[in-house]
Amino acid sequence: MMSVSVISLLGLIGWSILLTFLVVMVRGKSLLAGTTNFAQDGSDLPGFAQRVTRAHGNSLENLAIPAALILYGVATNQSAVTDGLAMFVLVARIGQSLVHLASAAFPAVLLRATLFVVQIVIWIIWSLNFYGG
């Protein structure tokens, strides 16, 4: 049976794969429309497509830290350190991406930032618990 941490890790990976698929879809649509420009940050795309590109990049940029912490816990037989908050990290990550996809308005940016801070605080808690344990 998989630990909650491993399930969360698979969820983080799966979410990144889903966002990758969305990027392929919006980029494919753009290519079919004859657009040959490509900006990695999505600035060459309109509205939603640009937000998809940035949500995808953001998800990948912030996958390494929770993945490394969860894998460390599994490798050192300390999954209990990450199990309690692992699903909160996954929910906060998905929530952050969904808000990113929905809007770039200031209140949405504040909500995204809040969800990101939740993740950072959990990563710090995990790190300290590994260090102290």
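The values are calculated or read from the model by the stated rules, or taken from the named source; none is laboratory data. All values derive from a computational prediction rather than experimental measurement. So basically every Cβ, Gly included, is an ideal-geometry build from the backbone, and we count neighbours across all protein chains shown. What goes into the accessible areas is simple: the full protein's heavy atoms, side chains included, and nothing from ligands, DNA or RNA. Shrake-Rupley method; radii C 1.70, N 1.55, O 1.52, S 1.80 Å.
Okay, here's what the table says:
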| read-out | value |
| --- | --- |
| Three semi-axes of the equivalent ellipsoid, region 38-97, Cα gyration tensor, whole Å, largest first | 31, 12, 4 |
| Among (i) 7.3; (ii) 8.7; (iii) 9.3, the entry that matches mean projected area of the Cα convex hull in nm² as calculated here | (ii) |
| For region 77-133, the spread of Cα positions along each principal axis, largest first, Å | 42, 15, 10 |
| Rough spin-label spacing in nm, given labels placed 7 Å along Cα→Cβ, for Ala102 and Ala67 | 2.7 |
| Modelled FRET efficiency - R0 22 Å, Phe88 with Leu18, Cβ distances, 0.05 increments | 0.65 |
| In order through region 48-57: 3J(HN,Hα) via Karplus (6.51 cos²θ - 1.76 cosθ + 1.60), integer Hz, x for Gly, Pro | 4, 4, 5, 5, 4, 4, 6, 5, 4, x |
| Assigned charges on the beta-carbon of Lys, Arg, Asp, Glu; region 3-132 dipole about Cα centre (debye) | 240 |
| Potential extension, Val74-Val121 segment - 0.36 nm per residue separation minus Cα distance | 14.9 nm |
| Heavy-atom surface of the chain, accessible at 1.4 Å and reported per residue (Å²) | 57 |
| Unit charges at the beta carbon, dipole of the chain: most positive-side option, Thr82, Gly11, Thr53 | Thr53 |
| From phi via Karplus (6.51, -1.76, 1.60), per-residue ³J(HN,Hα) for region 117-123 in Hz, x at Gly/Pro | 4, 4, 4, 4, 4, 5, 4 |
| Once the Cα gyration tensor of region 1-60 is diagonalised, semi-axes √(5λ) in Å | 29, 10, 7 |
| Theoretical FRET efficiency, 1/(1+(r/R0)^6), r = Cβ-Cβ of Met2 and Asp41, R0 35 Å, to 0.05 | 0.50 |
| Accessible surface of region 58-126, 1.4 Å probe, proportion on carbon and sulfur as whole % | 79 |
| Long-range amide H partners of Ser3 with built H, under 5 Å | none |
